[in-house]
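The values are calculated or read from the model by the stated rules, or taken from the named source; none is laboratory data. A quick note: this is a predicted structure, and the numbers were derived from the prediction, not measured. Positions of Cβ are backbone-derived with ideal geometry, glycine not excepted, and every protein chain shown enters the neighbour counts. Calculation scope for accessible area: heavy atoms of the full protein, side chains included, ligands and nucleic acids excluded. Shrake-Rupley method; radii C 1.70, N 1.55, O 1.52, S 1.80 Å.
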Amino acid sequence: MTTYRTCPRSGLQFELQAERLMIVNAVTAVVALLVGGVLAIGVVLTRWPSVRWLPADTFYMVLTAHGIDMLIFWIIFFEVAVLYFASSTLLRCRLATPQVAWLAFALMLIGAVTNNVAVFQGSSSVMMTSYVPMMAAPAFYLGLILFAVGALIACFVFFGTLVVAKRERTYEGSVPLVTFGAITAAIIAVFTIASGAIILIPTFLMSVGVVKEVDPLVYRTIWWAFGHSSQQINVSAHIALWYAAAAIAFGAKPMSERVSRGAFLLYILFLQLASAHHLLADPGLSTSWKVINTSYFMYFAVLASMIHGLTIPGAIEVAQRQKGYTRGLFEWLRKAPWGDPTFAGVFIAIIGFGFLGGISGVMMGTEQLNMLIHNTIYVPGHFHATVVVGTTLTFMAITYFLIPALFKREVMFPKLAQLQPYLFGLSMYFFCLVMMGAGTLGVSRRHWDMAFQGAALAYEWPGAAYLMMGLVGIAGIAAIVGGAIYILVTVASILFGKRLDAGQPSPKWTPVPRAAPTVVAQTYGSAGFAAPGTFVLAMVFLVSFVLYYFINWKYLGQLWGLS
């Protein structure tokens, strides 16, 4: 029997089966984050030149597991919970097929465990990219395939729930913007998972001896349709949660629903094509294809992110000014609830994702500059800014809202919870910056020992390179402490936090009361533009963008002089 409960604190309505599935997916995501975080200690302390903790074979095993647990398992488990939240909860309807959703979770869990076991057995240290002809154990590929099938099924359960909500008329007009963002993420996920299956299934068959070979160039091309697009699922999901956080914390309406929805549509059309910047050195693709993808299509995707980067702080500013914070350009920002870990985490994620991840990503999409830095540690600096600062910090921030609303528990260690987004987010800012600096000096992205100690032809790096890699180690440890605080607060709150009033169960969905603080996240509507402070911040971003681009072209001119 379908039952609903209305959370007395947020006004959100949770259907029983959807609620249970959200909880198990979110909890499993946090476990994957814990595993990946422990492994991060080994990665950071080994790349720190003066420590060099792990031997080479152990380092590559640890790095492989760290990448997969963090980039795939932690994020996608959490995103499945977000999909169920954005459909069943925000649209106030039952989950379409709960039994199938449980099957999806089981496949994802079995796949994640299978893959981790294969990696920790030591014969599958092939990194997340797992390029052929370097082969992993069959269980490595089988685990990824099972996980992908489960995630794909979860996406279809999400789509089915949208149909249920429309048929049962649990909402009026268009779906809320947060749900629209989740739809974008799910559409991209279907393309992404299909691409992974297209190339990982023959690679699995090759590992068991059924297929003789998989062409390395074909593998790279199709794998990046999976590998890069995985990040685009994350972008769509965490931006949807940014809109949700603005609505929850401020009652902020989008400045223009149509513009924001159009920006999400640009993601669907162009983000996958931006994966070309991983393939600029590959001989199998034409120059015209590379130019069109990196010089035109990628900028449509960048435009979408810049739109969101303007409209979300703009919506917050409009809401704050309506509450009377109108003095000067930035009183609305100074008087924001910086002690609320949900708001603080989201705002730190927005700034870091835009300034560090966005600017460096566009720079990497320029072919000549890409040749300079592609196999350097600049690249992990970039994707830590997008995946860790952007996605992971956003998911951490929204957890502090979900603990009382979804788990019905009081957040424990509130002072630690307030500190956590600042410690984790700002240390990751510094981590990414010094990593990109080391990459600019040419430090390799994957070699366990940048000094190549004992090599016949050792390379003498400048002292600045060693300094920056040492700072990477210090910042990395600080970020790991921030992540550990998140794990501590989350696990302690869920297991031992004070039980809160769950709300009365009901056999039928009921409309959300209009006074609920989350009501804006569940309705369709726009706010006009009256956000001069946000406009100034956008101009600061633009100037930073131009200056950074010029600096990198200066590096290029010094490297490849004309004669």
Check the stretch 347-363 and report whether any residue there is over 17 Å from the mean Cα position of the chain (by Cα) and closer than 18 Å to His228 by Cα. yes
Of the residues Val211, Val259, Val235, which single one is open to solvent by 40 Å² or more (accessible area, probe 1.4 Å), assigned to a helix (DSSP H, G or I) and either out of contact with any His (no Cβ under 8 Å at 6 or more places or on another chain) or small (Gly, Ala, Ser) (or both)? Val259
Considering each of Ala104, Ala96, Ala136 in turn, give the residue that is out of contact with any Pro (no Cβ under 6 Å at 6 or more places or on another chain), part of a helix (DSSP H, G or I) and of a type in the set (A, V, I, L, M). Ala104
Would you pick out the residues in the stretch 360-372 that are open to solvent by less than 10 Å² (accessible area, probe 1.4 Å) and closer than 28 Å to Leu426 by Cβ? Ser360, Val362, Met363, Met364, Gly365, Leu369
May I ask you to say which residue of Val35, Val62, Val30, Val44 is assigned to a helix (DSSP H, G or I), among the β-branched types (Val, Ile, Thr) and closer than 23 Å to Leu152 by Cα? Val30
Inter-residue pairs, beta-carbon under 6 Å, first free of Cβ contacts under 8 Å to residues at least 60 places away in the same chain and in the stretch 404-430, second open to solvent by 20 Å² or more (accessible area, probe 1.4 Å) and assigned to a helix (DSSP H, G or I), 6+ apart: Ser427/Ala478
Among the residues of the stretch 276-288, which ones are within 14 Å of Arg220 (Cβ to Cβ) and assigned to a helix (DSSP H, G or I)? Ala276, His277, His278
Taking the stretch 54-89 and keeping only residues that are open to solvent by 10 Å² or more (accessible area, probe 1.4 Å) and among the polar types (S, T, N, Q), one is left with Thr58
Filter the stretch 454-473 down to residues that are in contact with a Phe, Trp or Tyr (Cβ under 9 Å, 6 or more places away or on another chain) and touching a residue at least 24 places away in the same chain (Cβ under 8 Å), then give me how many there are. 5
Scan the stretch 271-281 and give yes if some residue there is surrounded by fewer than 24 Cβ atoms within 10 Å (Cβ to Cβ), in contact (Cβ under 8 Å) with a residue 12 or more places away in the chain and within 19 Å of Val178 (Cα to Cα), otherwise no. no
Among the listed residues Leu177, Leu142, Leu162, identify the single one that is hydrophobic (A, V, I, L, M, F, W, C) and within 15 Å of Val113 (Cβ to Cβ). Leu142
Those residues of the stretch 147-167 which are under 19 Å from Ile188 (Cα atoms), open to solvent by 20 Å² or more (accessible area, probe 1.4 Å) and either of a type outside the set (Gly, Ala, Ser) or touching a Phe, Trp or Tyr at 6+ places or on another chain (Cβ under 8 Å) (or both) amount to Val149, Leu152, Ile153, Phe156, Phe159, Leu162, Val163
Going by what's in this entry, would Thr170 be described as open to solvent by less than 20 Å² (accessible area, probe 1.4 Å) and assigned to a loop (DSSP other than H, G, I, E, B)? yes
Failed item in (1) surrounded by fewer than 20 Cβ atoms within 10 Å (Cβ to Cβ); (2) in contact with a helix residue (DSSP H, G or I) (Cβ under 6 Å, 6 or more places away or on another chain), with Ala40 passing the rest: (1)
Taking Gly503 as the residue in question, decide whether it is in a helix (DSSP H, G or I) and either open to solvent by less than 50 Å² (accessible area, probe 1.4 Å) or modelled with pLDDT of 95 or more (or both). no
Kindly indicate which of Val119, Val100, Val132 is surrounded by fewer than 20 Cβ atoms within 10 Å (Cβ to Cβ) and on the phi < 0 side of the Ramachandran plot. Val100
Taking helices (runs of 4 or more DSSP H) that do not extend beyond the stretch 294-359, which have at least 2 residues that are out of contact with any Pro (no Cβ under 8 Å at 6 or more places or on another chain), crowded, with 22+ Cβ neighbours inside 10 Å and in contact (Cβ under 8 Å) with a residue 24 or more places away in the chain? 298-322, 341-352
Does any residue of the stretch 390-410 turn out to be within 30 Å of Met468 (Cα to Cα), in a loop (DSSP other than H, G, I, E, B), open to solvent by less than 10 Å² (accessible area, probe 1.4 Å) and in contact with a Ser or Thr (Cβ under 9 Å, 6 or more places away or on another chain)? no
Ala478: passes all of (1) among the small types (Gly, Ala, Ser); (2) at pLDDT 95 or above; (3) open to solvent by 50 Å² or more (accessible area, probe 1.4 Å) but (3)
As an exercise: evaluate Leu495 against (1) of a type in the set (A, V, I, L, M, F, W, C); (2) without any contact (Cβ under 8 Å) to a residue 12 or more places away in the chain; (3) not in a helix (DSSP H, G or I) and give the number of the one condition it does not meet. (3)
Going residue by residue through the stretch 430-446, is there one that turns out to be under 29 Å from Val80 (Cα atoms), modelled with pLDDT of 95 or more and assigned to a helix (DSSP H, G or I)? yes
Flagged in the stretch 364-389 as more than 18 Å from Ile348 (Cβ to Cβ), part of a helix (DSSP H, G or I) and polar (S, T, N, Q), in numbering order, are Gln368, Asn370
